[in-house]
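*Asks:* One structure, pasted below without further comment.
The values are calculated or read from the model by the stated rules, or taken from the named source; none is laboratory data. Owing to the predicted nature of the structure, the values given are computational and were not obtained by experimental measurement. Using ideal geometry, Cβ is built from the backbone for each residue, glycine included, and neighbour counts are taken over all protein chains shown. The area values use the complete protein model at the heavy-atom level, side chains included, leaving out ligands, DNA and RNA. Shrake-Rupley method; radii C 1.70, N 1.55, O 1.52, S 1.80 Å.
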Amino acid sequence: LARGASPSTASIQASLADILRKFEGSLAGRGLGWRQCLYVHLYLRDMQHFATVNAAYVRRVPHVNPPARCCVEAPLADGAL
């Protein structure tokens, strides 16, 4: 995204879903899955997007024994959510 641009809810959810799919593929390539993932750290440019990110996250990550997670706001590079 351009500096100052606000992403849509759909673009945030689609971006996170894509990232989590890639992460799952990376885990699978090593013979691992979510059960072996202990901790997830999410970085957001703006915490106002937390509810949107959280909704996408809980749709993708298993509900039984999910990894611990932390979500923080950080000054991310252009193009990051």
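*Asks:* So, of the residues in the stretch 65-81 that are free of Cβ contacts under 8 Å to residues at least 40 places away in the same chain and touching a helix residue (DSSP H, G or I) at 6+ places or on another chain (Cβ under 9 Å), which turns out to be surrounded by the fewest Cβ atoms within 10 Å (Cβ to Cβ)?
*Replies:* 65
*Asks:* Kindly list the number of the only condition in (1) in contact with a strand residue (DSSP E or B) (Cβ under 6 Å, 6 or more places away or on another chain); (2) assigned to a helix (DSSP H, G or I) that fails for residue 71.
*Replies:* (2)
*Asks:* Out of all the residues in the stretch 27-39, is one or more in contact with a strand residue (DSSP E or B) (Cβ under 6 Å, 6 or more places away or on another chain) and modelled with pLDDT of 90 or more?
*Replies:* yes
*Asks:* Would you mind stating whether residue 55 is part of a helix (DSSP H, G or I) and open to solvent by 30 Å² or more (accessible area, probe 1.4 Å)?
*Replies:* Against the criterion (part of a helix (DSSP H, G or I) and open to solvent by 30 Å² or more (accessible area, probe 1.4 Å)), residue 55 qualifies.
*Asks:* When residues of the stretch 22-51 are filtered for being over 23 Å from residue 73 (Cβ atoms) and open to solvent by less than 80 Å² (accessible area, probe 1.4 Å), how many remain?
*Replies:* Residues that pass the stated criteria total 10.
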